Each structure stands twice: as structure tokens, then as C-alpha cells.
Amino acid sequence: MQEDSSEVPPRDSNKTELSLQSIQKFVPTDYASYTQENYLFAGRKIVLQESIESYGALVWPAAMALCQYLEEHTEELNLQDAKVIEIGAGPGLVSTVASILGAQVTATDLPDVLGNLQYNLLRNTLSCATHLPEVKELVWGEGLERNFPKASFYYDYVVASDVVYHHYCLDQLLATMVHLCQPGTVLLWANKFRLSTDYEFLGRFKQLFDTTLLADFPESSVKLFQGILKWD
Ligand SMILES: C[S@@+](CC[C@H](N)C(=O)[O-])C[C@H]1O[C@@H](n2cnc3c(N)ncnc32)[C@H](O)[C@@H]1O
């Protein structure tokens with residue numbers, strides 16, 4: 001759930017800020033203006049640095065829905081120590097919540113988003129997560145087997161929120177979803193359905209994945225699907 005927003009950065013303790021700087025590998029993205037947005041999930045206040053200057057620096061409606069689902073179904077999903085990869089993680093709300101709930105998370109996105117993503121993740125998990133989340137570049141459809149070889153990268157969950165909208169990488173997105181799924185992997189994809197192309201993508205998704213509607217959020221037009229890759 002989202003709390004109030006404020007332009008004033010909250011004061012982290014010096015200790016936390018220093019440890020954060022020492023492990024932050026990606027230089028924080030240089031947006032001209034930021035806001036600090038507060039969320040409440042998994043019993044914790046999560047503070048994210050966001051900017052209206054990039055799609056990838058804002059929390060989108062499907063991320064809220066997916067986080068609500070994760071916190072309400074943590075045990076059923078067996079998230080403790082589960083290996084989770086998020087694609088198109090943006091400012092990192094879903095990855096943060098999955099980490100707080102005990103998962104081993106890899107959050108991925110385009111290169112220009114990673115600095116802010118890593119900052120938000122570390123800031124919110126450093127003092128409380130069992131496994132510190134990792135941040136990696138993953139451009140949909142590019143270098144998948146080179147950067148995420150199936151033999152050494154296995155994920156229990158692939159998570160994605162609001163990755164389907166009006167863009168030209170839908171084929172590459174679907175190829176990425178397929179590549180990251182192996183037998184036993186569960187894909188959780190939440191999306192706000194706005195356009196006919198969103199439904200076309202869903203149709204193609206259903207051809208490749210055994211698909212179950214896990215939750216519907218009519219007030220935000222978000223649907224959450226579980227996909228299990230078909231192995232024929
Ligand atoms: C609408 S935002 C959603 C962000 C976040 N998942 C959320 O729901 O709050 C879409 C995200 O997909 C990422 N993205 C867009 N095209 C991409 C591509 N070709 N490869 C990897 N990530 C991409 C953007 O950088 C952005 O973070």
C-alpha cells in the first residue's frame with residue numbers, strides 16, 4: 001500500500017549510508033529531480049527514490065498488485081530462500097518486497113535504470129533481508145544464454161510487473177520469459193491491461209505457457225497471471 005510522499009529524503013543512519021555506498025556497484029542514476037515515495041508491504045515501510053523522468057524510475061500499478069499478492073501468499077509460494085529474478089524491475093518495489101519476504105532476488109533492467117534500482121534495493125533490505133538482492137543488466141532478448149546460461153542459472157520464480165505496454169520489444173520480452181523458465185519455474189506476471197496489444201500479448205503468452213489467472217484487481221485493471229512454460 002502506498003503512504004504519503006515527500007520531497008525530503010529520510011535520514012538514514014550514517015552507518016547504513018556508508019555500508020550502502022561501499023556495496024553500490026552502479027552509479028546512482030542522475031535524474032534532475034527525485035521524490036521519495038513510501039510504501040507499506042510485508043510489515044515494513046519501504047522508501048523508494050522515484051523520478052518522473054523515466055518509465056523505469058516510477059512504481060507502476062501492477063507492481064503494487066504483485067506485492068500485495070506476494071505478501072498475502074508468502075508461505076504458499078514458499079518464498080523463503082526461493083531464487084527469484086525480476087525483469088523490468090524499474091525502481092525495485094517487487095524485488096524489495098520479495099527480498100524482505102526471504103527470497104534470493106536478482107533484479108534486472110536496462111542499464112540506465114540500474115543505479116537507482118540498486119540504491120533503492122540496498123537501502124530497503126540492508127538491515128533486514130536474509131539475502132541481499134543482486135542487480136544485473138538484462139536487456140530483453142539480448143545475450144540471454146551468454147549472460148544467464150540455463151546450466152547455471154535456475155530460478156524458482158520469474159516475476160514481472162507492467163512490462164507489457166506500448167513498446168517495440170514484445171517479441172524480445174516473450175523470448176526472455178521463455179529463456180528464464182525451466183521445469184519447475186513459476187512465472188508471475190502482473191499487468192495493467194490498457195490496450196488491444198496487451199491482450200494480443202496475453203494470447204501469445206498463453207500459447208507458450210500454461211496460464212492461470214491468480215488475481216484480478218478491477219479497480220486498477222491489473223490482472224496477475226501464473227505461467228508455467230509448456231514442455232512439448
Ligand atoms: C512500465 S515500467 C515497470 C517498472 C516496474 N516493473 C513496475 O511495475 O513498477 C517498465 C520497465 O521495463 C523496463 N524495460 C523496458 N524495455 C526494456 C527492455 N527492452 N529490456 C529490459 N527492460 C526494459 C523499463 O526500463 C522499466 O523499468
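The values are calculated or read from the model by the stated rules, or taken from the named source; none is laboratory data. Owing to the predicted nature of the structure, the values given are computational and were not obtained by experimental measurement. Every residue, glycine among them, receives a Cβ derived from its backbone with ideal geometry; neighbour counts consider all protein chains shown. Keep in mind that these areas ignore ligands, DNA and RNA; they rest on the heavy atoms of the full protein, side chains included. Shrake-Rupley method; radii C 1.70, N 1.55, O 1.52, S 1.80 Å.
Restricted to the range 44-56, and to residues there that are aliphatic (A, V, I, L, M) and at pLDDT 95 or above, the residue that is most open to solvent (accessible area, probe 1.4 Å) is Val47. Within the range 148-179, being among the hydroxyl-bearing types (Ser, Thr, Tyr), surrounded by 20 or more Cβ atoms within 10 Å (Cβ to Cβ) and either over 16 Å from the mean Cα position of the chain (by Cα) or away from the ligand (no atom under 12 Å from the Cβ) (or both) holds for Tyr155, Tyr157. Among the strands (runs of 3 or more DSSP E) confined to the range 158-232, the ones with at least 1 residues that are farther than 24 Å from Met64 by Cβ are located at 209-217, 222-229. Return a yes/no flag: does the range 180-187 have any residue that is of a type in the set (A, V, I, L, M) and within 11 Å of the ligand (Cβ to nearest atom). No, the range 180-187 contains no residue that is of a type in the set (A, V, I, L, M) and within 11 Å of the ligand (Cβ to nearest atom).
Of all residue pairs spaced 6 or more apart or on separate chains, those with beta-carbon atoms under 6 Å, a first member in the range 102-127 that is open to solvent by 20 Å² or more (accessible area, probe 1.4 Å) and a second member that is of a type in the set (Lys, Arg) and assigned to a strand (DSSP E or B) are Gln104/Lys83.
Only one of the numbered conditions (1) in a loop (DSSP other than H, G, I, E, B); (2) buried (at least 16 other Cβ atoms within 10 Å of the Cβ); (3) within 14 Å of the ligand (Cβ to nearest atom); (4) over 17 Å from the mean Cα position of the chain (by Cα) is violated by Glu142, and that is (2). Of the listed requirements (1) without any contact (Cβ under 8 Å) to a residue 60 or more places away in the chain; (2) open to solvent by less than 20 Å² (accessible area, probe 1.4 Å); (3) in contact with a Gly (Cβ under 9 Å, 6 or more places away or on another chain), Gln36 misses just one: (3).
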